[in-house]
Every structure is written in C-alpha cells, then in structure tokens.
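Visitor: Before anything else, here's the structure in question.
No value in this document is a laboratory result; all are computed from the given coordinates. Just so you know, these numbers come straight off a predicted model, no measurement behind them. Note: ideal-geometry Cβ built from the backbone for every residue, glycine included; neighbour counts use all protein chains shown.
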C-alpha cells in the first residue's frame with residue numbers, strides 16, 4: 001500500500017533521511033521507531049508532502065506521490081496527526097472536524113451549498129458519531145483551545161479520521177499521555193485499523209509500539225538499521241546499541257518497553 | 001446655557017456623522033485585516049481595487065442607468081474580481097516567506113490600478129449618484145442624514161454577512177483554519193491557494209461595497225481618493241490591531257468619529273494631521289492595537 005524507495009532528505013549537509021526503503025501492507029499497523037533525530041518525523045513529513053524529498057520515491061497504492069501537494073495526498077487517502085498538537089485553536093471542536101472532511105467521497109456526496117455553507121443532516125450525524133468515538137460528544141461547541149491536553153489529542157485523532165484516510169500517519173500520538181490514556185489510545189488505533197485504515201505509527205513510548213504494531217522498522221541516523229516483528233526488533237543487537245548508545249532519555253524510553 | 005447647549009448639539013452631531021461615515025473605514029479596515037489574517041501579508045491594492053470596483057458600478061449607472069442596488073452589486077463583483085487578479089498577480093506565485101516581494105508587488109499593482117482609472121476617466125472627478133441625499137430624520141435637536149444612515153445600514157448588513165460567512169460557513173471556517181494553522185490545514189486536505197484566493201474575493205466584495213458607499217456619501221469618485229483611503233484603511237487596521245476584525249470595526253468608527261472632531265475644532269486642513277498623530281500615539285503606546293493579538297485575526 002505504501003512503498004518508499006531510496007527516500008532521502010538532506011538539509012544542507014545533514015542527511016536527515018538517507019535512502020529509506022519501506023513497504024507497509026494494507027490493513028496493518030506498522031511501527032517506525034528510533035532515537036531522537038533518527039529521521040522518523042522527516043519520513044512522515046516526506047510521506048504526507050510537507051517536505052519535498054531530495055531523492056527517492058513515495059508510492060501510495062501504486063501511485064507515485066512525488067511532487068503532489070499535501071492536500072492532494074490527503075485526497076488520495078493519506079492523513080496524519082502531529083507530534084505537537086496542531087488543531088485550529090479558534091474553531092470549535094465540531095468545526096475542526098467539519099473543515100477536515102475532504103475525502104473524495106465527502107466531496108462527491110455534498111452539493112456545492114452543503115459543501116461550502118451549511119452541513120447536511122448526514123454530515124452532522126457522521127461528525128456526531130466521530131465525536132462520540134473520541135469521547136468528545138458533549139464538547140462539540142467548545143473552542144479547541146479550551147480542551148484539556150488529552151482531549152486535544154483525541155480531537156486530533158478524530159480530525160484525521162474525519163478525512164476518511166486509507167493510510168493514517170501517527171506522529172508520536174502518545175507523547176505526554178498517562179498510562180491509562182496510552183491504553184485507551186492503543187484501543188482507538190486498533191479500532192481504526194479494524195475499520196479498514198492502514199496505520200503507520202511513529203512513537204517513542206515502547207509499550208504502545210510493542211503492544212499494537214505487527215511490523216516495526218528501526219531508524220538510526222537516517223538509515224534503517226532493523227526490521228521485523230516487535231519480538232525480533234527487541235532482540236536485535238543493533239537496535240539495543242542504537243538506543244543505549246545515544247542520550248539517556250532515549251535509552252530510558254527503550255528500556256521501559258524492553 | 002443656551003450657547004453651551006447649542007455647542008453640545010453641534011459637537012455630538014459632528015461626532016455622530018463621523019461615526020456613521022466611519023463605517024466605510026471599518027469595511028476597508030476589515031478588508032486589509034482579512035487578507036493580513038489569512039496570509040500575514042499586506043495587500044496595498046485593497047483601497048484602490050475597492051474604488052476601481054465603484055468605478056465599474058458607476059459605469060453601469062452611467063451607460064445603462066442601473067438602479068442603486070445593481071450599482072452596488074456590480075461594484076462589489078468587480079472589486080471581487082480585481083481582488084482575484086491581484087491575488088494571482090502579486091501573491092499566488094511569490095514564496096510564502098518573501099513578505100517584501102509581495103508587498104512591493106501589491107504597491108506596484110496599486111499604482112497600476114490607479115493609472116488605469118486615471119487614464120479611462122482623464123483624471124477628472126465623476127459624479128456618483130448619491131442615495132437618500134435629501135432625507136433627513138429629526139431626532140430631538142439632532143438630524144440623521146439619510147445618506148449616512150444608508151451608509152451605516154449597508155455597512156452593518158455587509159459586515160454581518162461577512163461574519164456569518166467567516167464564522168458559520170464551511171468556506172469561512174476553512175479560511176480561518178488556514179490562517180490559524182496553515183500546515184495542519186494543508187494536511188487536512190484544504191487547498192491553501194484556493195482558500196487564499198477565496199479570501200481575496202470575499203475581501204474584494206466587501207471593498208466594492210465600501211468603495212461605492214464612500215463615493216455615494218461623498219457624491220464624487222476621484223482618483224485623488226485612492227491614496228487617502230489606502231492610508232485611512234491602514235491606520236484603521238493598525239489601530240484595531242493587525243488581524244483583528246472586531247478591532248477594525250471599532251477602529252473604523254473611532255477614526256471616523258475623531259476625524260470629525262478634529263475637523264470641527266481644527267478645520268479641514270489640519271484634520272488628517274491629527275488622524276496621523278492618532279496613529280502615532282497608538283504605535284507608541286499600544287502597538288498591538290485595540291484588540292491585541294498580532295498573530296491571529298480572531
């Protein structure tokens with residue numbers, strides 16, 4: 001479903017990502033891990049089109065995505081969330097979801113007026129369901145900026161789901177969450193996958209990664225150093241070295257899960 | 001007592017007229033603000049495009065004797081179209097971070113539009129049909145001029161319409177989403193270029209109304225109005241707080257009202273000097289304007 005071939009990104013002399021090959025199969029939860037600065041976020045930004053690649057190709061369900069703008073990739077079916085939450089702070093919770101409804105199906109289903117002016121009853125019902133799923137049913141008219149941290153994370157997750165993606169990129173969705181919230185998030189991720197969405201999860205919190213993913217690729221210094229099931233990756237020596245050999249905070253994160 | 005009362009009525013009358021006329025400044029300020037809020041760039045052509053729209057409306061009046069409502073509608077549409085052209089010419093293809101290039105391009109376009117107007121009209125002022133010119137409502141000792149009431153009514157109606165679009169329609173919500181978080185907006189599937197173009201058209205529609213109204217209230221359209229209206233619009237935008245719509249509304253009325261106070265006490269020659277002084281005072285003591293935030297237009 002998602003094929004990366006020789007994907008590279010250079011910032012000046014720094015090779016943030018250096019020839020990454022990766023393939024994510026339809027319907028799986030794929031983990032992408034690695035120490036800070038190993039190129040995970042760069043990879044996500046290349047896949048969704050925020051950055052232009054220096055070399056290599058991004059292929060999504062057979063289609064080459066190179067050179068396509070982020071909104072075009074979204075319409076092709078790639079959505080994402082952000083490590084540092086990026087909601088529309090002065091829109092309400094409900095409006096945050098509404099403006100994100102840009103899937104081809106939604107565009108085709110709505111007439112000009114309901115697309116650009118008022119929402120149809122069906123749109124309202126669908127968004128209400130999404131809000132319920134995110135446990136935000138009672139907060140629809142709150143401004144996004146007034147939500148608590150955990151609620152903002154759930155809203156961002158719901159906003160990405162509102163675009164009806166086929167592939168969802170999650171950029172450290174568990175950052176700053178409590179153990180309980182992480183468990184809850186794991187359930188949401190599985191739930192979304194079961195509804196047919198392929199998931200690429202970039203995460204530091206190992207208990208989440210090891211708990212939900214089926215395949216994991218490990219990056220270090222912009223290169224893939226390991227690939228396999230969670231069990232294989234945990235036993236991999238190069239991976240252990242990469243984590244233990246870098247800063248204390250990263251080794252802590254790795255140690256926690258291992 | 002009699003003298004004092006007389007003077008009180010005079011001054012309040014003057015301020016009231018100024019507030020009413022200030023509604024047009026509010027509209028121009030809102031237009032600058034809309035575009036600044038969306039792109040964090042100044043569109044210097046805005047007042048010129050608004051007046052150019054009014055010229056097109058005037059042409060409709062002169063050549064086919066269109067009724068007032070149609071004149072306003074045509075002015076708005078023409079100005080909206082000019083807004084779209086300005087967006088494509090001065091903003092669309094200039095890199096997002098190059099603020100100076102966009103500013104210079106729009107200043108160039110300002111003079112270009114102005115030149116077109118000067119050439120087609122030979123630079124001479126044209127009479128614009130005044131509306132409700134002879135209507136005068138008596139409220140106690142005060143008189144409400146019909147033309148100014150009309151200005152106020154149209155301003156309020158178009159502002160309410162704009163606010164409705166911005167805060168309730170998906171179109172407006174998308175433009176606000178872009179201004180608040182443009183990276184996230186792109187990744188939510190919003191086409192930023194199209195949304196920005198929409199903002200220019202919306203602002204242009206409003207500007208056309210403001211331009212036609214200014215012309216209707218003053219009774220003439222002249223290329224000489226372009227630069228002062230640009231300056232007033234910018235002053236209103238700064239005093240209101242760059243990017244704040246409520247700020248632009250209040251600042252427009254404030255400038256309109258105070259302008260007449262200056263006019264009353266110091267005469268027409270010194271009026272604009274004091275308006276600029278007001279800007280100066282704001283820049284020194286309250287650089288973020290009345291409503292604060294320089295970041296987001298909400």
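Visitor: Segment A:68-89 to segment A:168-220: how many Å between their Cα centroids?
Guide: If you average the Cα positions of each part, the centres end up 17 Å apart.
Visitor: For segment B:1-69, compute Rg over Rh where Rg is the Cα radius of gyration and Rh is the Kirkwood radius from the inverse mean 1/r over Cα pairs. Working shown, then result.
Guide: On the way: Rg = 18.7 Å, Rh = 15.3 Å.
Reported Rg/Rh (Cα atoms, Kirkwood Rh): 1.22.
Visitor: Mind telling me which of B:26, B:169, B:75 comes out most flexible in a GNM of chain B, alpha-carbon contacts under 10 Å?
Guide: B:169
Visitor: Along its principal axes, what span do the Cα atoms of chain A show, with the longest given first and each in whole Å?
Guide: 56, 40, 33
Visitor: To continue, here is another question. Taking chain A as a Gaussian network, Cα atoms linked when under 10 Å apart, which of A:62, A:140, A:186 shows the biggest mean-square fluctuation?
Guide: A:62
Visitor: R0 = 45 Å: FRET efficiency of residue A:221 with residue B:276, Cβ-based, nearest 0.05? Walk me through the numbers on the way to the answer.
Guide: Values: r = 58 Å, r/R0 = 1.29.
Given R0 = 45 Å and the Cβ-Cβ separation, E is 0.20.
Visitor: Sticking with this one: Against the longest alpha carbon principal axis of chain B, how many degrees, from 0 to 90 and to the nearest 10, is the axis of helix B:245-266 turned?
Guide: Compared with the principal axis, the helix lies near 30 degrees.
Visitor: In peptide A:84-96, what is the residue-averaged number of other protein chain Cβ atoms found within 10 Å of each Cβ? Before the final figure, lay out the partial values.
Guide: Values: counts 0, 2, 8, 4, 12, 4, 9, 8, 2, 0, 0, 8, 5.
Per residue, the number of nearby Cβ atoms from other chains is 5 on average.
Visitor: Rounded, prolate or oblate: which one fits segment A:36-139, using the alpha carbon gyration tensor with axes a ≥ b ≥ c (rounded when a/c is under 1.5, else prolate when a/b beats b/c, else oblate)?
Guide: Details: a/c = 2.67, a/b = 1.58, b/c = 1.70.
Taking the square roots of the gyration eigenvalues as a ≥ b ≥ c, segment A:36-139 is oblate.
Visitor: Follow-up. Would you work out the relative contact order for chain A, in percent, from Cα pairs under 8 angstrom that are 6 or more residues apart? Walk me through the numbers before you get to the answer.
Guide: Numbers: 465 pairs, mean separation 69.0, N = 258.
27 percent.
Visitor: How far is helix B:226-240 tilted off the main Cα axis of chain B, in degrees rounded to 10, range 0 to 90?
Guide: Helix B:226-240 sits roughly 80 degrees off the main axis of chain B.
Visitor: Using helices alone, I'd like the mean residue ellipticity at 222 nm for chain A: each DSSP H run of four-plus residues gives -39500 (n - 2.57), total over residue count, nearest 500.
Guide: -12000 deg cm²/dmol
Visitor: Report for the protein assembly as shown the percent antiparallel among DSSP-assigned beta bridges with both residues inside it, nearest 5. Before the final figure, lay out each step's value.
Guide: Working: 26 of 42 bridges.
Looking only at bridges with both residues in the protein assembly as shown, the antiparallel portion is about 60 percent.
Visitor: Same structure, new question: State the Cα centre-to-centre distance between segment B:2-40 and segment A:1-55 in whole Å.
Guide: 55
Visitor: Rounded to the nearest 500 deg cm²/dmol, what is the calculated helix-only ellipticity per residue at 222 nm for chain B, with -39500 (n - 2.57) per DSSP H run of length n ≥ 4? Don't skip to the answer; put the middle values down first.
Guide: Values: 11 runs with 221 residues, N = 298.
The per-residue figure over chain B is -25500 deg cm²/dmol.
Visitor: Output the relative contact order of segment B:152-289, whole-number percent, from Cα pairs under 8 angstrom with separation of 6+ residues.
Guide: Details: 85 pairs, mean separation 20.9, N = 138.
RCO, segment B:152-289: 15 percent.
Visitor: Next question. Is segment B:226-295 best put as rounded, prolate or oblate by its Cα gyration tensor, with a ≥ b ≥ c the root eigenvalues, rounded for a/c under 1.5, and otherwise prolate when a/b is larger than b/c, oblate when not?
Guide: prolate
Visitor: Now for a separate question. Just check chain B against the gyration tensor rule for me: Cα atoms, a ≥ b ≥ c as the square roots of the eigenvalues, rounded for a/c under 1.5, and otherwise prolate or oblate depending on whether a/b exceeds b/c. Don't skip to the answer; put the middle values down first.
Guide: Values: a/c = 1.74, a/b = 1.37, b/c = 1.27.
Since a/c reaches 1.5 and a/b is larger than b/c, the shape of chain B is classed as prolate.
Visitor: Taking just the C-alpha trace of the protein assembly as shown, give me its Rg and Dmax in Å.
Guide: So, for the protein assembly as shown, Rg and Dmax equal 28.5, 98 Å respectively.
Visitor: Then there is this: With a cut-off of 18 Å, note down the residues of segment B:241-275 whose backbone N falls inside the zone around a label point 7 Å from the Cα of residue B:6 toward its beta carbon.
Guide: B:264-265
Visitor: If you don't mind, there's one more thing I want to ask. Mind checking which of B:252, B:233, B:108 has the largest fluctuation in a GNM of chain B, springs on alpha carbons under 10 Å?
Guide: B:108
Visitor: Quick one: helix B:99-121 against the long Cα principal axis of chain B, what's the angle to the nearest 10°, folded into 0 to 90?
Guide: 50
Visitor: How far is the Cα center of segment B:165-222 from the Cα center of segment B:71-108, in Å?
Guide: The two parts, judged by their Cα centres, are 12 Å apart.
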